[in-house]
Amino acid sequence: MMFKKNSKKTQKNSAISAGLGYTIGNILVNGIAFISVPIFTRILSTSDFGIYSSFMAYQAILSIFIGLALHVSLKNAKYDFPDDKHGYNSAILLLMLFCMGAFLLIGIVGSKWLGFMLSLDSFLIVPLIIYGSCSALLMLYNAYLVLDYRYKEYLYVSLFYSLGSIVLAVFLILFCFPHMRYFGRILGGFFPMVLVGLFIIYSFFKEHRPVINKKYWQYGIRISIPIIPHGLSQLILTQFDRLMILRIIGSAAAGIYSFAYTLAMILQIIYTSLDSIWTTWFFEKMNRKEYGEIKQKSAWYVILVSLITVMFFLVAPEVIMVASGEAYWDAKYVVIPVGLGLYFSFLYYFPAGVEYYYKKTVFIAIGTMSAAVINIILNFIFIPKYGYVIAAYTTIFSYILYFVFHLAIAWHLEKRFVFNIKAIMVSLVATSAMAGLALVLLDKPIVRWLIFSALFLVAVIGAYKKRSVIKGFFKKESTDEV
């Protein structure tokens, strides 16, 4: 009995360590990417940056189709095929490689037509498909590592790719492709990603030789296919606007907009990292029906994140000036509305947590797809009339609808709000108002920084006074019997 108890505690501690490891790892890896932004904005023109960003957006979308979202099936397979998990992983990887081959054949035959349709050079089509394929393999590998709490290996692979792509890209841009710098930036990430892909194939097939297994293929597809619309819609919400800007206006405008989006993604990293901790805590409290504690702590959680968001809005123009050359400074008109849109995507986590708890994931897919379709329609209507800046505001509107839809579903499932809806709505209004104020004060840096300093002081004092609440999110309470 004591052995079982200790085993459970060990497993829980492993889960906590892995969760914190992934959180720290994500911040570290993305932090390296952000540190590199000032380098690339100074050696790439806005046009080069736009082409590179569009290439990366396309490969992210392709990775969903090539990988068939099969990585999400690994968690279920671990329990349904406990004696043959390596055989399942190997079979799924083989299926993904067949998909990759089919896409490569299409890309080789139709490279000119695809290049025209995507507003990319035709010689980029094959590297695009290979890049997207390796990205899908990396998602599969990360899902595999998560199941065994092997976060250190995730860090090693991610750091290799992040650091390798930066160093190689700078070398290729400066010494090999000075007149076609976007190509040097693309190849800088392409070669490390291919090496990562080959390493993953070797690792999986070393554990179990590749065998066609229709049973495993059908199992994986049945679980994963419904996730594709959700994943694709999420990418449309975060990536498709810059692709439309590239197509409708041009690569320079796409470059400025992509740069603004890259900086605003600092917020998204904070949101997702905190959500991984919040979700674990939320599920525990829902299991115990401790709704009062959920209401109390959700209020402090949303207030804290709202303060962080507002402080980012207030200093964003100066961050842009430090992180880029003058050609990119118009991004200050985009970064705040984009950040506000991402803030609404953070608020979505509250009702979505209820949907995940009750396993009503179909609602999540419907909500994401609806918001993505609305976003595409609005961009088609307004970008040709008002330019690339309007895409940030259509994103805000789409995310508002996204949040409201899931709020309604959460109410439908529980017949009440288990989280503190009053605190969320007050924070929503206050953060939106401060975003507007930050836009009005774009050319008044002293006023903005004075407000930032005051809010920073409030945040520090508040965090100190509520330190026990913050510690509660990280503390995993034992439910084992004594």
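The values are calculated or read from the model by the stated rules, or taken from the named source; none is laboratory data. Quantities reported herein were computed from a predicted structural model and do not represent experimental measurements. No Cβ is skipped: glycine too gets one built from the backbone with ideal geometry, and neighbour counts run over all protein chains shown. Just so you know, the surface numbers come from the protein's heavy atoms only, side chains and all, with ligands and any DNA or RNA stripped out. Shrake-Rupley method; radii C 1.70, N 1.55, O 1.52, S 1.80 Å.
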Carbon plus sulfur fraction of accessible area for the range 309-348, probe 1.4 Å, in percent: 68 percent
Output ³J(HN,Hα) for the range 421-435: one whole-Hz value per residue in order, computed from phi by the Karplus curve 6.51 cos²θ - 1.76 cosθ + 1.60 with θ = phi - 60°, and x for Gly and Pro. 5, 5, 4, 5, 5, 5, 5, 4, 5, 5, 5, 5, 5, 5, 5
Considering only I51, L455, Y333, whose Cα is most displaced toward the positive end of the charge dipole of the chain, charges sitting on Cβ of Lys, Arg (+1) and Asp, Glu (-1)? L455
Principal axes of the range 191-338: Cα extent on each, largest first, Å: 55, 50, 27
Per-residue accessible area, 1.4 Å probe, largest first, puts K285, K214 in the order K214, K285
Calculate, for the chain, the solvent-accessible area per residue in square angstrom, rolling a 1.4 angstrom probe over the heavy atoms of the protein chains. 47 Å²
Which value in nm describes the separation of the simple spin-label points at F456 and Y386, placed 7 Å from the Cα toward the beta carbon? 3.3 nm
Just need log10 I(q)/I(0) for the range 196-251 at q = 0.15, 0.16, 0.18, 0.30 Å⁻¹, Debye formula, equal scatterers on the alpha-carbon atoms, no solvent, rounded to two decimals. -0.75, -0.79, -0.83, -1.03
For the chain, the Cα-Cα pair-distance distribution in 20 Å bins from 0, as whole percents, is 21, 58, 21, 1
What stretch of the chain, leaving out the sites themselves, is the longest with no GluC sites (Glu not before Pro) in a DSSP loop having at most 16 other Cβ atoms within 10 Å? 1-289
Considering the options I130, T238, I308, tell which one lies farthest towards the positive end of the dipole of the chain, charges being +1 on Lys and Arg and -1 on Asp and Glu at the Cβ, about the Cα centre. I308
Relative contact order, percent, the chain [alpha-carbon distance under 8 Å, six or more residues apart]: 21 percent
Could you derive backbone 3J(HN,Hα) for the range 131-141 from the dihedral phi with the Karplus parameters 6.51, -1.76 and 1.60 (θ = phi - 60°), listing whole Hz in sequence and x where the residue is Gly or Pro? 4, x, 5, 5, 5, 5, 4, 5, 4, 4, 5
Karplus-derived 3J(HN,Hα) from phi for the range 183-195 (6.51 cos²θ - 1.76 cosθ + 1.60, θ = phi - 60°), whole Hz, x at Gly and Pro, runs 5, x, 5, 5, 5, x, x, 5, 5, x, 5, 5, 4
What's the carbon and sulfur percent of the range 80-143's accessible surface, probe 1.4 angstrom, rounded to a whole number? 73 percent
For the chain, what does -39500 (n - 2.57) per DSSP helix run (n ≥ 4), summed and divided by total residues, give at 222 nm, in deg cm²/dmol to the nearest 500? -28500 deg cm²/dmol
Unit charges on C-beta of K, R, D, E only; dipole of the chain, Debye: 1200 debye
Ignoring solvent entirely, what values of log10 I(q)/I(0) come out of the Debye formula for the range 360-424 at 0.17, 0.18, 0.30 Å⁻¹ when each Cα is a single scatterer? -0.66, -0.71, -1.21
How big is the range 326-409 by Rg and Dmax over its Cα atoms, in Å? 14.6, 50
Using a 1.4 angstrom probe on heavy atoms only, work out the carbon and sulfur share of the accessible area of the range 176-303 in %. 66 percent
